[in-house]
Amino acid sequence: MIVESPAKAKTINKFLGEGFVVEASLGHVRDLPAKRLGIDPENGFTAEYVVIPEREKNIRRLRKLSREAEMVYLALDLDREGEAIAWHLQEVLGLGVEKSRRVTFNEITPGAIRRAFASPGSIDQNKVNAQQARRILDRIVGYKLSPLLWKKVMMGLSAGRVQSVAVRLIAEREREIRAFVPEEFWKVVARLRPLAGASETLASPGTSATSFEAELRRWDGKPLKLADQASATRAVEELRDPATPWRVAGVDHKDKHDHAPPPFITSTLQQLASNRLRFGTDRTMRVAQQLYEGIEVGPEGAVGLITYMRTDSLNVSRDAVEELRGYILRELGKPYLPEKPRGFRSRKGAQEAHEAIRPTSVERTPERMKPYLSGEQLRLYDLIWRRFVASQMESALYAVTTVEVEAGRYGLGASGRVLRFDGYLRVAGRRDDAGDADAPAAADLPPLEEGQALDCLEVTPSQHFTQPPARYTEATLVKTLEKEGIGRPSTYASIIKTIKDRRYVELRDRKFHATDLGIIVSDKLTEHFPRLMDTEFTSRMEEKLDSIEGARVEWRSVLEEFHGQFAVELEKASREMKGVHEDPQPSGVACAKCGRAMVYKLNRWGRFLGCSGYPECRNALPVDSEGRPQEVEGTGQACELCGEELIIRHGRNGRFVACSGYPECRNTKSVDEQGNVITPREAGVACEKCGKPMVVRSGRRGRFVACTGYPGCRNTKPLDKEGNIVQTEAIARKCEKCGSAMVVRMGRRGKFVACTGFPRCRHTVSMEAYAAEQQEEGTGT
């Protein structure tokens, strides 16, 4: 049996017994070539697939094992990507239909594996074609558009069929925020106390309030808008007049049922994990993958704790629902169990053969699993378990009261809500629609009845301003992508990661800000490729890919239709798109060094002001988000390398001291919050490459040890949490690219194998690939 990952293989191996060998493909095994298009549009979009270099040794090993086996079961994930990996393995291993079977399962449990083997099938070529079409579309767009951006904007940029549309959403929101002009408005709130006369039976059940607040809403029966302090003051003076009568004009009581939310799909899990747990989308999917692939659970051994986590279906198996209803009845009681199981309708186009994300067994409660899970695993599992249990529980019941108040010619309003039965909230804890922050609960109201007189205790005006559109967070961006039909469950996390890595957007305080680079690239693509950047077009393309999978559309016809129009647009854009350096935007600022005009320029970190006399004059100034020049802040200190003045500059990691003689002198120093230069602390070790002392420095990934011979010597070493140098681990392997020795290093995602020739040679190998090589060579892992 071949699966994707070693962790998944380890779990399944315990279920199958001695007659099986379970191996990992380590993800995709073939792809289009890295340095050429690899597609022939003139010959039916024939794709040239090559084995990924890092997978070659693993493929040789799998090929050997396949020849020795009686049957090869391809048990890759059940989505398009998994089907495509299975097809590529069948091709590259030379497996005929008589020697290979396709098995799929939604969860990694003994029962699910037995059911999968009871009905093995063949590879779904429609799924493979849908994945091929998506990959070829993405390659055509990326391979053709990226060089255009290199020529017109800057080297090293990239464009993508889906990622560019996501950047456009954030860039347009950024423009709306920058253009927003706040408008003043005022609110007036009165605190009121009922006078004698109300019946206790008319009160909201459970209320203990003796007074309440009502907001001013109407004048003479018409909506009232208080635009300034003067209008608010007039209303307050009239309301405070002792002669103004106050009475209850109307009271409305009704019960409101708050129904349980459905179990998670990929997008709602990412949204709520972002809001509740502050997890990024990639972190959510990484932890969910661990829970799916298998966790060692004491005597039970390795078992998958949740179902497959890339899904847009709200279906739940009948067995899982029956188990859950039995649990609710036993643990919570009959009042919390609906008469019939709840059903939920998936969105149009959802993969109905899949299931929602749920625990593989509701009996594995978070409390029982706590000893076996890491902190982040437990938090995410608790979120999934509670959501699933709540989805089949009785609705919560609220008593809602709405009150209308009259004060002379003014009308005020108030509402209250009291929980009468907690229902699913007993497990869920609080109500929130996936991805949205909790709405503030309405206040309790005292007993009130129509016509009852009120005593005005206080009238308070308050000034407010309209707010610009909210910035996207990871949660709200995923919600928008799903709503607009952009991408699919398996792609949301990669879309967000890509646009962050390309520096088209930045996350500050968990909110997306479009960078100058992102806005410029988005504007140019939107101007010259309006069809490609249109959300509706992107959504329709996703629907066409779904149609390919459903055998309703031939995949090559979709590619031909797209490619014909795209080739025309690309040729036109190549002629008409102006480069950012061809027509620089004037700033109205004169160069302090030579007097010539300063213009806006662009580098990978964003916009800045540069002298139009470049390269004769290299004067440059940083700008703020509005494009205003930031004054150079001198330190009064001379650079010890060249004698020029040291100045304060602003970079992506904050303020730092740099030599004003840049670029001839690249001396820089870190500063604290007060602007004082931080002297690097000596690490107490000498550089093994050049012999100079090493010092402790700080970077965007934390503290590390670096050679003082920089930039001549770029030797660095990571530090652990206690500040100790993390030593590299020597291994018996030479770099296949340059012949240097390779070592095991520690990165932000764990260990990896790297060439000691860095930075001249940047070859790296994952620990999974290295382990597979060692196993093949018989040296163990």
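The values are calculated or read from the model by the stated rules, or taken from the named source; none is laboratory data. Bear in mind the structure is a predicted one, so any value in this text is a computation, not a measurement. Virtual Cβ from ideal backbone geometry, glycine too; neighbours counted across all protein chains shown. Just the protein is used for accessible areas: all its heavy atoms, side chains included, with ligands, DNA and RNA removed. Shrake-Rupley method; radii C 1.70, N 1.55, O 1.52, S 1.80 Å.
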Which listed residue, of 724, 715, is open to solvent by less than 40 Å² (accessible area, probe 1.4 Å), at pLDDT 75 or above and of a type in the set (S, T, N, Q): 715
Could you list all residues from segment 698-712 that are open to solvent by less than 40 Å² (accessible area, probe 1.4 Å) and in contact with a Cys (Cβ under 8 Å, 6 or more places away or on another chain)? 707, 709
Confirm whether residue 55 is under 37 Å from the mean Cα position of the chain (by Cα), crowded, with 16+ Cβ neighbours inside 10 Å and charged (D, E, K, R). yes
Yes or no: residue 153 open to solvent by less than 60 Å² (accessible area, probe 1.4 Å) and of a type in the set (A, V, I, L, M, F, W, C)? yes
Among (1) at pLDDT 90 or above; (2) under 29 Å from residue 404 (Cβ atoms); (3) of a type in the set (A, V, I, L, M, F, W, C); (4) loosely packed, with under 12 Cβ neighbours inside 10 Å - the single one residue 439 does not satisfy: (1)
Having 1 or more residues that are more than 30 Å from residue 212 (Cβ to Cβ) and at pLDDT below 95 is the bar; report the helices (runs of 4 or more DSSP H) wholly within segment 223-324 that clear it. 266-272, 281-293
Check residue 532 against each of (1) free of Cβ contacts under 8 Å to residues at least 24 places away in the same chain; (2) in contact with a Ser or Thr (Cβ under 8 Å, 6 or more places away or on another chain) and name the one condition it does not meet. (1)
Residue check for residue 175: out of contact with any helix residue (DSSP H, G or I) (no Cβ under 8 Å at 6 or more places or on another chain) and of a type in the set (Lys, Arg): no
Given the criterion touching a Leu at 6+ places or on another chain (Cβ under 9 Å) and without any contact (Cβ under 8 Å) to a residue 40 or more places away in the chain, identify the matching residue among 619, 603. 619
In segment 1-25, which residue that is assigned to a loop (DSSP other than H, G, I, E, B), modelled with pLDDT of 90 or more and more than 13 Å from residue 108 (Cβ to Cβ) is most open to solvent (accessible area, probe 1.4 Å)? 21
Looking only at strands (runs of 3 or more DSSP E) that fall completely inside segment 587-648, which ones have 1 or more residues that are among the polar types (S, T, N, Q)? 597-603, 633-638
Pairs, first farther than 14 Å from residue 473 by Cβ and open to solvent by less than 10 Å² (accessible area, probe 1.4 Å) in segment 489-514, second assigned to a helix (DSSP H, G or I) and at pLDDT below 90, C-beta under 6 Å, six or more apart: none
Restricted to segment 100-127, and to residues that are charged (D, E, K, R) and open to solvent by 50 Å² or more (accessible area, probe 1.4 Å), which residue is farthest from residue 488 (Cα to Cα)? 114
So which residues in segment 549-561 are closer than 15 Å to residue 44 by Cβ and open to solvent by less than 40 Å² (accessible area, probe 1.4 Å)? 555, 558, 559
Looking only at residues in segment 450-487 that are part of a strand (DSSP E or B) and touching a helix residue (DSSP H, G or I) at 6+ places or on another chain (Cβ under 6 Å), which one is most open to solvent (accessible area, probe 1.4 Å)? 461
Looking at (1) buried (at least 22 other Cβ atoms within 10 Å of the Cβ); (2) in contact with a strand residue (DSSP E or B) (Cβ under 6 Å, 6 or more places away or on another chain); (3) touching a residue at least 60 places away in the same chain (Cβ under 8 Å), which is the only condition residue 296 fails? (1)
Among (1) out of contact with any helix residue (DSSP H, G or I) (no Cβ under 8 Å at 6 or more places or on another chain); (2) at pLDDT below 80; (3) surrounded by 14 or more Cβ atoms within 10 Å (Cβ to Cβ); (4) not aliphatic (A, V, I, L, M), there is one condition residue 636 misses while meeting the rest; what is its number? (3)
Give the number of residues within segment 140-150 that are surrounded by fewer than 19 Cβ atoms within 10 Å (Cβ to Cβ) and either of a type in the set (A, V, I, L, M) or in contact (Cβ under 8 Å) with a residue 40 or more places away in the chain (or both). 2
With respect to residue 13, determine if the residue is without any contact (Cβ under 8 Å) to a residue 40 or more places away in the chain and within 26 Å of residue 140 (Cβ to Cβ). no
Does any residue of segment 562-585 turn out to be touching a Pro at 6+ places or on another chain (Cβ under 8 Å), closer than 30 Å to residue 348 by Cβ and of a type outside the set (S, T, N, Q)? yes
Subset of segment 622-636 [closer than 26 Å to residue 677 by Cα and without any contact (Cβ under 8 Å) to a residue 40 or more places away in the chain]: 622, 623, 624, 630, 631, 632, 634, 636
Please specify each residue of segment 374-431 satisfying the condition of being open to solvent by 50 Å² or more (accessible area, probe 1.4 Å), over 30 Å from residue 226 (Cβ atoms) and assigned to a strand (DSSP E or B). 419, 420, 421
Answer residue from segment 180-196, given it is aliphatic (A, V, I, L, M) and not in a loop (DSSP other than H, G, I, E, B) and is surrounded by the fewest Cβ atoms within 10 Å (Cβ to Cβ) among those: 189
Being more than 29 Å from residue 154 (Cβ to Cβ) and either among the hydroxyl-bearing types (Ser, Thr, Tyr) or touching a residue at least 12 places away in the same chain (Cβ under 8 Å) (or both) narrows it down to one of 589, 558, so name that one. 558
Over segment 32-59, the set of residues closer than 26 Å to residue 69 by Cα, of a type in the set (Asp, Glu) and touching a strand residue (DSSP E or B) at 6+ places or on another chain (Cβ under 9 Å) is 54
Being modelled with pLDDT of 80 or more, open to solvent by less than 60 Å² (accessible area, probe 1.4 Å) and closer than 30 Å to residue 283 by Cα: is that true of residue 695 here? no
If a residue must be open to solvent by less than 40 Å² (accessible area, probe 1.4 Å) and at pLDDT 80 or above, how many such residues does segment 639-664 contain? 6
If we ask which residues in segment 515-534 are β-branched (Val, Ile, Thr) and either within 14 Å of residue 562 (Cα to Cα) or open to solvent by 30 Å² or more (accessible area, probe 1.4 Å) (or both), their number turns out to be 2
